[in-house]
1. Would a scan of segment 20-27 turn up a residue that is without any contact (Cβ under 8 Å) to a residue 60 or more places away in the chain and either touching a Leu at 6+ places or on another chain (Cβ under 6 Å) or assigned to a loop (DSSP other than H, G, I, E, B) (or both)?
2. Need the failing condition index for Tyr431 against (1) over 19 Å from Glu406 (Cα atoms); (2) open to solvent by 10 Å² or more (accessible area, probe 1.4 Å); (3) in contact with a His (Cβ under 9 Å, 6 or more places away or on another chain), just the number.
3. Only one of Ala74, Ala82 is away from the ligand (no atom under 14 Å from the Cβ), open to solvent by less than 10 Å² (accessible area, probe 1.4 Å) and over 20 Å from Tyr343 (Cβ atoms); which?
4. Regarding segment 136-150, can at least one residue be identified that is over 24 Å from Ser409 (Cβ atoms), β-branched (Val, Ile, Thr) and either in a loop (DSSP other than H, G, I, E, B) or open to solvent by 10 Å² or more (accessible area, probe 1.4 Å) (or both)?
5. Just to be sure I understand the filter: pairs with C-beta atoms under 9 Å, separated by 6 or more residues or on different chains, first member in segment 176-197 and farther than 22 Å from Ile159 by Cβ, second member polar (S, T, N, Q) and open to solvent by less than 10 Å² (accessible area, probe 1.4 Å). Which pairs pass?
6. So Ser55 passes all but one of these: (1) open to solvent by 20 Å² or more (accessible area, probe 1.4 Å); (2) under 20 Å from His291 (Cα atoms); (3) assigned to a helix (DSSP H, G or I). Which condition number does it fail?
7. Just to verify a result, which residue in segment 174-196, among those that are open to solvent by 40 Å² or more (accessible area, probe 1.4 Å) and away from the ligand (no atom under 16 Å from the Cβ), is nearest to Asp116 (Cα to Cα)?
Amino acid sequence: MKYDVNQLTLEEKIALLTGINEWQTSSANGKLPQIFVSDGPNGLQMFDENGVRKSATAMPALSLLAQTWDKELAYLDGETIANDAAEKGADILLAPGVNIKRTPLNGRNFEYFSEDPYLSGVLAREFIKGVQSRGIGTSLKHFCGNNREKGRRVQSSEIDERALNEIYYRPFEIALEAKPWTVMCAYNPVNGVYASENKKLLKGVLRDKFGFDGLIVSDWASVQSSYKALKATIDLIMPYNEDTLPNVKAALEKGYITMEEIDACVTNVLKLIEKVQNANKQINYTKKERHENAVKIAKAGITLLKNEENILPLKDGGNYLVVGDLSKKPIGGLGSAYVQTDYEQKTVTELLQEKLPNAQVGYDKGACACADWAGANRVKLEYAKRCYVEAYGKDAVVVFVSGDTEGESFDRSHIKLKREYEELIENLLKYNKNLIIVVNSASAIDMSDWIDDVKAVVYEGFSGEGTNEALSSILVGETNPSGKLAESFPYDLDDTFTGDYAGDGFVEWYNDSIFVGYRYYERAGIDVLFPFGYGLSYSKFAYSNLKIEQTDKTDFTVSYDITNTSDVDGAEVSQVYVKDVFSMVVRPEQELKGFEKTFLKAGETKTVSVKLDFRSFAYYSTALDRWHAENGVFEIRIGASSQDIRLVGKVNIELEDDEQQSQAFVYYNN
Ligand code: BGC
């Protein structure tokens, strides 16, 4: 069915450019089917008529998905959420978000993938393919520069052109390859103009440069002036706003906006309606299978950060204590990405006991050691005493902790654990040195006060309704951990470029430019607690036999062998970084340009092959106003993490003279 813009009156057209409520488009007086949009990135968030959240599969957060470094799982995640959407009647999923993790304080980091644009873009692309394969549309968000929540509705993200292209646009550019049906703009101004009114951003970059021909939707209530938003090529202003009709009409009468401009937006809404109508919505997983998919992704993303004396996996026959409420019901992030699940997880204590029938697995609430326990609070003291007595003499104590609350519309105020958890660890250490700390947070945590004193750390992130199953399976070694960090963990907030600076309320300068995440730490020579791409396994992997084959001027196939040298099956994420050895412009030490996750049986060797192309070598030249690769030598570095480079090779880029800028020719006399 094709819908014609001319069949609509002016009022109907304008009504179509905004919702009729939070989630639905107008029917234009019964002439058109309506579209239903729904959040979000970590599972379906949908409300019933009374505003109560409907239950859905709580998938791991996108931050945890990123730790899988697994393209197939990104697809599976998208597909699974789309199943819920199809079942509940949503047409468009308001996900995924690909904003860059510029600061670990950002309250919404759990909704995003990584500090690295390539990893973010590739996984988002696969996620979108997965969702859309089931006949549900996506909304790639938030374009762009929404890298913290504080001040998000007013503060301008002041970002230079090169950083925009290399860091902040880049994940969108890559994800657009999957042709998301819609893109959502950001709340904040970018370089002084609201993203929702920023014609350069939406028309100039998104549509003209990146070729996006779908619908652009505003973020919820991000539009200040409806006609300016429409002129900037936003097509759908969400949610319903009673001012839209009179404002757009008045703007039309005054000649601020033309009928052609309005019709162009209406046409995009009509095209989306057609797409929704023609889509073949498919449910291919039962509810149980969706849950299993959630567990599968959680198992692949939960990341082992420390494991001294092989305290993990836990052994059958041991005497263990689990401490903390979070081992019963783990937390997730708050806001529009919150998912209400009706799945009742077994507790970690129960699951460990099931998996280790000959072990003794005790439980203690442990929240006893909270901040004011020394304040002579008798009850708390009693709890504390009981917890320490329980911990004393155990083979290991598994302690569940979390950091400052994470959610939409606010940022974390610090990156340490909550104070009561830091104290709990400190006190427990007096009674038992064999602490295994499980961190239930979804952004980098400063662990410097206790990391050296504990035996193991497992970063479970926000891994959804399958958390306890996945985690306990890893703790006992049924599942070999294979997650790796998608963001660097600094020792301290002060080690980050931004520290606690969050703008002045009007503007935030992105003075770090392209040096975000590992690009910053490596350039500044700042050591981090855990580098980007880091994660441990119960297996050991050896890398060998690097081969680089040139297939075109800037195209290469890089291949190398990985051997599982241990007697445990496991999966390894190998990462390909490229370093421009001599450059006329400032460049990062190295940048991620490829990655692969490979499953290897004990003793097995497999050859991994990764393709590099022009963009793997190019930077964004603001002088030439395009991507540009300089002739010369580039290092190809294969790493188990960004700081654990195992193999290094070299390639020479030799492009035609007319593809190169002239370079200064300098004589040195001595
Ligand atoms: C968020 C979006 C979300 C929308 C609808 C906004 O506050 O920024 O990510 O999709 O609400 O819930």
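1. yes
2. Unmet for Tyr431, out of (1) over 19 Å from Glu406 (Cα atoms); (2) open to solvent by 10 Å² or more (accessible area, probe 1.4 Å); (3) in contact with a His (Cβ under 9 Å, 6 or more places away or on another chain): (3).
3. Result: Ala74 is the single residue among Ala74, Ala82 that is away from the ligand (no atom under 14 Å from the Cβ), open to solvent by less than 10 Å² (accessible area, probe 1.4 Å) and over 20 Å from Tyr343 (Cβ atoms).
4. Yes: one or more hits.
5. Ala178/Thr138; Pro180/Thr138; Pro180/Ser139; Trp181/Thr138; Trp181/Ser139; Thr182/Thr138; Thr182/Ser139
6. (3)
7. Glu177
Okay, residues lined up against (1) within 15 Å of the ligand (Cβ to nearest atom); (2) open to solvent by less than 10 Å² (accessible area, probe 1.4 Å); (3) without any contact (Cβ under 8 Å) to a residue 24 or more places away in the chain:
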residue	(1), (2), (3)
Val223	yes, no, no
Lys228	no, no, no
Lys231	no, no, no
Tyr240	yes, no, no
Ala250	no, no, yes
Lys254	no, no, yes
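The values are calculated or read from the model by the stated rules, or taken from the named source; none is laboratory data. Computed from a predicted model, the values in this text were never measured in an experiment. Positions of Cβ are generated from backbone atoms using ideal geometry, with glycine treated the same way; all protein chains shown enter the neighbour counts. Quick note on the areas: whole protein, heavy atoms, side chains included, nothing else; ligands and nucleic acids left out. Shrake-Rupley method; radii C 1.70, N 1.55, O 1.52, S 1.80 Å.
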